[in-house]
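**Student:** Take a look at the following structure, please.
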Amino acid sequence: QVQLVESGGGLVQPGGSLRLSCAASGTILSISAMGWYRQAPGKQREAVASITRGGITNYADSVKGRFTISRDNAKNTVYLQMNSLKPEDTAVYYCNAERRFGVKPDYWGQGTQVTVSS
């Protein structure tokens, strides 16, 4: 099994930056890709960014050029660097891990709150 623990959320002013971390533990070799989702009150959960085991990244159009996903394999940790933050980025951010060989369900963290407000 895999456990995901997010950290780094908080309150930041518009235009500011924040870096989220997701530390994975357990059977890491069972993971094929990891990413970040977010959910604001009254809205559906949406994919923000992802990175595969091979290093291929993908971003939602709304965050391209502002957010960067990266990983530190030695620490089994994935990061989401968020720059030029907007109030619309306010949401609970969840770490996600996709399992290899088509195994379901995915692994999920408990979420970390990001609030962008002046």
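Read-outs: derived from the displayed coordinates by stated rules, not from any lab. As the structure is a computational prediction, the values presented were derived from the model and not from experiment. Cβ placement follows ideal geometry from the backbone for every residue including glycine, while neighbour counts extend to all protein chains displayed.
**Student:** Count neighbours as other Cβ atoms within 10 Å of each site's Cβ, and list the trypsin sites (Lys or Arg not before Pro) in region 1-77 that are DSSP loop with at most 11 such neighbours.
**Tutor:** LYS43, LYS64
**Student:** When Lys and Arg each count +1 and Asp and Glu each count -1, what net charge do the other residues less than 14 Å away from MET82, Cβ to Cβ, add up to?
**Tutor:** +2
**Student:** Now for a separate question. Quick one: pull the percentage of alpha-carbon pairs in region 65-118 with a separation above 13 Å.
**Tutor:** That tail contains 71 percent of the Cα-Cα pairs.
**Student:** Per the Kirkwood definition applied to all pairs of different Cα atoms, how many angstroms is the hydrodynamic radius of the chain?
**Tutor:** In the chain this quantity evaluates to 14.3 Å.
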